[in-house]
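Asker: Below is a structure I'd like to ask you about.
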2 protein chains.
Amino acid sequence: MRVAVIGTGLIGTSVALALREHGVSVWLADSDPEAARLAANLGAGVPLPDPGPETGPEIGPEIGRADVAVIAVPPSAVAATLAAAQARGLASCYTDVASVKQLPVSQARALGCDMTSYVPGHPLAGREKHGPAAARADLFLGRTWALCPAPETSEQAVDTITTLVRTCGAVPVRTDAAAHDRWVALVSHAPHLVAAAMAARCEAAPAEALDLAGQGLRDVTRIAAGDTGLWTQILAANAEPVAEVLAAVAADLAEAARMLTEGDPKSVATLLDIGQAGVARIPGKHGGAPREFTAVQVVIRDQPGELTRLFDAAGRAGVNIEDVRIEHSPGLPVGVAELSVRPAEAGPLLAALEAGGWPVRR
Amino acid sequence: MRVAVIGTGLIGTSVALALREHGVSVWLADSDPEAARLAANLGAGVPLPDPGPETGPEIGPEIGRADVAVIAVPPSAVAATLAAAQARGLASCYTDVASVKQLPVSQARALGCDMTSYVPGHPLAGREKHGPAAARADLFLGRTWALCPAPETSEQAVDTITTLVRTCGAVPVRTDAAAHDRWVALVSHAPHLVAAAMAARCEAAPAEALDLAGQGLRDVTRIAAGDTGLWTQILAANAEPVAEVLAAVAADLAEAARMLTEGDPKSVATLLDIGQAGVARIPGKHGGAPREFTAVQVVIRDQPGELTRLFDAAGRAGVNIEDVRIEHSPGLPVGVAELSVRPAEAGPLLAALEAGGWPVRR
């Protein structure tokens with residue numbers, strides 16, 4: 001399979017990396033050439049040659065036409081990008097990854113795009129970071145990927161895109177664009193604004209109050225760090241279903257505030273109980289094979305060269321550190337580094353670090 | 001130091017485990033003897049002997065009096081437990097771990113407790129799981145631990161509890177009970193109800209909708225899985241400050257719903273922007289003031305020694321890497337290391353890494 005990825009942000013580059021792992025040839029393009037170059041440096045594929053003025057139906061004489069073009073641009077840019085790619089004859093079939101589906105479908109139809117070769121799609125995966133550097137080949141492992149073919153879409157195109165989704169490790173779910181948009185309003189778009197509204201209360205809060213923040217506040221507000229421009233587009237394109245969920249959440253919170261003020265905590269308990277039942281219904285991060293690493297904690301001093309010595313000791317023991325997280329308490333002369341390694345390498349790492357005088361903990 | 005932990009739930013057992021790691025002698029008690037036994041089996045200490053009818057001021061003839069009693073029971077039970085422990089002469093000084101501070105302080109005063117030996121406390125750490133089996137010795141590492149001494153509290157008692165907090169690896173922060181309660185309303189109690197209200201929308205949602213849920217919804221709603229009984233107590237004990245935050249969040253969400261319905265996404269963008277600014281102010285895991293770092297991204301190969309060479313190059317340039325995050329795509333030969341450094345050191349680091357042949361991006 002040969003795939004062109006148009007838009008090398010977080011999602012486009014992650015698709016490209018996932019496909020590259022399965023030997024798929026990938027071409028990369030982005031309106032920001034630096035983003036495409038970084039994606040290429042990460043091993044996501046090769047930059048798509050500039051079409052130039054006399055472009056024919058092929059990417060280049062030596063390359064030919066792609067089997068699939070993945071359009072990974074913001075929702076309101078999907079239709080125009082699809083029209084341009086189809087005019088250029090870039091690929092045999094097309095998909096997109098936008099978080100709303102009715103808008104790009106209706107715009108594509110209005111622009112006269114060929115709908116038989118277009119399979120609207122939406123991988124339910126993301127991160128609060130964006131850009132190619134945040135991309136991960138395993139972003140879609142075990143995740144749902146909605147496919148919302150239009151009535152005109154050919155089954156052949158659906159089959160091809162279904163194969164691409166499976167190659168990325170995701171689970172294809174076929175639905176229609178209207179149901180998709182209603183459902184993601186509940187599970188993705190409304191939660192984003194709820195997180196933003198909670199985070200907004202922290203914007204002018206005393207620093208001493210925020211010093212008391214624990215993991216709970218960080219989790220509730222994490223996604224509010226997302227890109228405002230992109231999210232405004234998404235919310236505007238799915239306004240009615242999102243507004244419906246938000247109005248219900250707002251009413252419950254206003255009622256909880258009233259009940260607390262009136263000293264009626266029993267009714268607050270009812271909301272907590274319903275919330276608990278709701279959480280229990282949300283599926284976990286299913287499928288996919290999370291890699292099993294063993295964490296080794298080591299106390300380090302906060303000084304230049306300390307990490308070098310640590311990694312040097314690990315390297316000399318032949319241990320490849322897969323991930324590292326460092327926890328510092330400001331003002332304290334030490335921190336804790338948590339090193340993730342393959343289970344078989346935890347023993348040698350512990351021995352090497354202990355021999356080097358570091359306090360360690362498995 | 002010899003410590004008695006009264007209440008071997010998540011927090012009490014975690015305190016005990018953290019103290020045991022530093023060789024502290026710990027006695028355990030719980031109204032549920034099975035919970036105390038499980039905590040003892042986990043290595044958290046030894047069960048406190050039953051006082052019996054003729055109890056004197058000592059735990060037992062062979063043990064003597066504890067230096068500290070940590071009262072780790074629900075907020076409304078703190079004062080009575082403190083009074084009983086003081087009547088028994090269990091310890092030289094006392095602290096609690098309840099999430100609200102004005103309620104136990106006023107109740108303890110009303111019960112005639114000795115306030116000079118009581119240092120009200122609150123570790124800002126927790127999990128959505130509860131019970132001794134969920135306890136972790138590292139639960140408090142780098143976390144803030146509020147201490148709210150009353151005017152009568154002796155400095156000697158404060159010193160002793162401060163030592164205990166530091167022994168658990170936490171960062172003590174001294175404040176007064178009223179300010180504490182106002183601040184945790186914002187950073188802990190209101191977020192809990194916001195998570196519950198969002199989760200409540202999922203309680204009766206179609207399963208197909210929940211199948212589309214990603215990590216965002218899971219994070220926003222995670223803490224709503226907490227214990228309803230405990231949280232109802234906490235919210236009731238801090239009703240006014242919590243209600244104030246909730247009313248403001250509810251108003252913002254109701255307004256966002258209205259603006260979306262009226263097709264005015266620009267005002268939604270304002271809420272998203274304020275939310276983004278709010279998230280940015282929440283300190284990371286290490287607590288304390290957020291330190292301003294610049295992130296440098298560098299593409300690395302997945303092989304032993306690569307990180308050593310990287311840190312070595314940074315060290316030779318005199319740059320202290322404050323934090324590092326590594327993103328790997330499984331199976332790919334490269335990853336991205338994100339290095340956090342003081343802004344003034346970003347330039348020298350970029351130059352050093354580029355000279356070493358690494359592809360970098362600021």
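The values are calculated or read from the model by the stated rules, or taken from the named source; none is laboratory data. Keep in mind it's a predicted model, so treat the numbers as computed, not measured. Don't worry about glycine lacking a Cβ; one is built from the backbone with ideal geometry, like all the others, and counts go over all protein chains shown. To get the accessible areas, we keep the full protein, side chains included, count just its heavy atoms, and leave off ligands, DNA and RNA. Shrake-Rupley method; radii C 1.70, N 1.55, O 1.52, S 1.80 Å.
Asker: If you take every DSSP beta bridge fully contained in the range B:93-216, what fraction is antiparallel? Give it as a percent rounded to 5. Write out the running numbers ahead of the final one.
Answerer: On the way: 3 of 9 bridges.
The answer is about 35 percent antiparallel.
Asker: Related question: Return the equivalent ellipsoid semi-axes of the range A:1-157 as a descending list in whole Å, where each equals the square root of 5 times an eigenvalue of the C-alpha gyration tensor.
Answerer: Working: eigenvalues 92, 78, 39 Å².
Taking √(5λ) for each eigenvalue gives 21, 20, 14 Å, largest first.
Asker: Another question, then. Just counting partner chain Cβ atoms within 10 Å, what average do the residues of peptide A:182-189 show around their Cβ?
Answerer: Mean inter-chain Cβ contacts per residue within 10 Å come to 6.
Asker: Compute the label-point distances linking A:Lys266 to its equivalents in the other copies; points lie 7 Å from Cα along Cα→Cβ; give nm, one decimal, shortest first.
Answerer: List, nearest first: 5.0 nm.
Asker: Could you grab the relative contact order for chain A? Cα pairs under 8 Å, six or more apart, rounded to a whole percent.
Answerer: Values: 595 pairs, mean separation 45.0, N = 362.
Once normalised by length, the contact order is 12 percent.
Asker: Can I ask one more? In percent, what relative contact order does the range B:62-210 have, based on Cα pairs under 8 Å that are 6 or more apart in sequence? It would help to have the intermediate numbers written out before the result.
Answerer: Numbers: 219 pairs, mean separation 29.9, N = 149.
With pairs under 8 Å counted, the relative contact order is 20 percent.
Asker: Also: Please work out the average accessible area per residue across the protein assembly as shown, using the 1.4 Å probe convention, and give it in Å². Kindly include the intermediate steps, with their values, before the conclusion.
Answerer: Details: 27910 Å² over 724 residues.
Dividing the accessible area of the protein assembly as shown by its residue count gives 39 Å².
Asker: If we hang a label 7 Å off Cα along the beta carbon direction at A:Gly347, how far is it from the matching labels on the other copies, in nm, shortest first?
Answerer: In nanometres, ordered from closest: 5.1.
Asker: Work out the mean other chain Cβ neighbour count within 10 Å for the residues of A:115-124 and drop it here as an integer. Walk me through the numbers on the way to the answer.
Answerer: Details: counts 0, 0, 0, 0, 0, 0, 0, 1, 1, 7.
So the per-residue partner count for this stretch is 1.
Asker: Once you list every other residue whose beta carbon is under 13 Å from the beta carbon of A:Ala179, what net charge do they have if Lys and Arg are +1 and Asp and Glu are -1?
Answerer: -1
Asker: Separate question: How large is the translational diffusion coefficient of the range A:78-198 in µm² per second when you combine the Kirkwood radius over alpha carbon pairs with Stokes-Einstein at 10 °C and 1.306 mPa s?
Answerer: Working: Rh = 15.2 Å.
Translational D for this selection: 105 µm²/s.
Asker: Not counting the cut sites, what is the longest span of chain B without GluC sites (Glu not before Pro) that DSSP labels loop and that have at most 13 other Cβ atoms within 10 Å? Write down the numbers at each step before the final one.
Answerer: Numbers: sites that count: B:Glu54, B:Glu62, B:Glu152, B:Glu262, B:Glu292.
It works out to B:153-261.
Asker: Restricting to DSSP H runs of at least four residues, report the calculated mean residue ellipticity at 222 nm for chain B, -39500 (n - 2.57) per run over all residues, nearest 500 deg cm²/dmol.
Answerer: Details: 14 runs with 157 residues, N = 362.
Taken over chain B, the calculation gives -13000 deg cm²/dmol.
Asker: Rounded to the nearest 5, what is the percent of antiparallel bridges among the DSSP beta bridges in the protein assembly as shown? Working shown, then result.
Answerer: Details: 38 of 82 bridges.
Antiparallel bridges: around 45 percent, rounded to the nearest 5.
Asker: Carbon-plus-sulfur fraction of the accessible area of chain B, 1.4 Å probe, in percent?
Answerer: Carbon-and-sulfur percentage of accessible area, whole number: 52.
Asker: What average number of partner chain Cβ atoms lie no more than 10 Å from the Cβ of the residues making up B:237-250? Walk me through the numbers on the way to the answer.
Answerer: Values: counts 1, 1, 9, 3, 1, 5, 10, 4, 5, 13, 7, 6, 12, 11.
Other-chain Cβ atoms within 10 Å of each residue's Cβ, averaged: 6.
Asker: Something else now. What are the residues whose amide H is under 5 Å from the amide H of B:Cys93, where those residues sit 5 or more places off or on another chain and H is modelled from the backbone?
Answerer: HN-HN under 5 Å from B:Cys93: B:Val68, B:Ala69.
Asker: Separate question: Restricting to chain A, compute how many DSSP beta bridges are antiparallel as a %, nearest 5.
Answerer: Values: 19 of 41 bridges.
So the antiparallel bridges in chain A amount to around 45 percent.
Asker: Check which residues have an amide H placed less than 5 Å from A:Leu48's amide H, if you skip close sequence neighbours.
Answerer: A:Leu28, A:Ala29
Asker: Further question: Arrange the peptides A:37-44, A:264-271, A:275-282 so that the one whose residues have, on average, the most other Cβ atoms within 10 Å appears first.
Answerer: Values: A:37-44: 22.6, A:264-271: 17.1, A:275-282: 20.0.
Highest to lowest by the protection proxy: A:37-44, A:275-282, A:264-271.
Asker: Tell me the distances, shortest first, between A:Leu111 and the same position across the other copies, using label points 7 Å along Cα→Cβ, in nm to one decimal.
Answerer: 6.9
Asker: Chains A and B: how much accessible area gets covered up at their contact, both sides added, probe 1.4 Å, in Å² to the nearest hundred?
Answerer: Working: alone 19550 and 19450 Å², together 27910 Å².
Buried surface at the A/B interface: approximately 11100 Å².
Asker: Let me ask you something else. Using a Gaussian network model of chain B whose springs link C-alpha atoms within less than 10 Å, name the residue from B:Val245, B:Val100, B:Val336 with the highest mean-square fluctuation.
Answerer: B:Val336
Asker: Within the set A:Lys101/B:Lys266; A:Lys101/B:Lys129; A:Lys266/B:Lys101; B:Lys129/B:Lys266, which residue pairs have Cα atoms separated by over 28 Å? Intermediate results must be reported in sequence, preceding the final value.
Answerer: Details: A:Lys101/B:Lys266 21 Å; A:Lys101/B:Lys129 37 Å; A:Lys266/B:Lys101 21 Å; B:Lys129/B:Lys266 40 Å.
Over 28 Å Cα-Cα: A:Lys101/B:Lys129; B:Lys129/B:Lys266.
Asker: Let me ask something additional. Quick one, what does Rg over Rh come out to for the range A:135-213 if you take C-alpha atoms and the Kirkwood Rh? Kindly include the intermediate steps, with their values, before the conclusion.
Answerer: Working: Rg = 19.1 Å, Rh = 15.7 Å.
Reported Rg/Rh (Cα atoms, Kirkwood Rh): 1.21.
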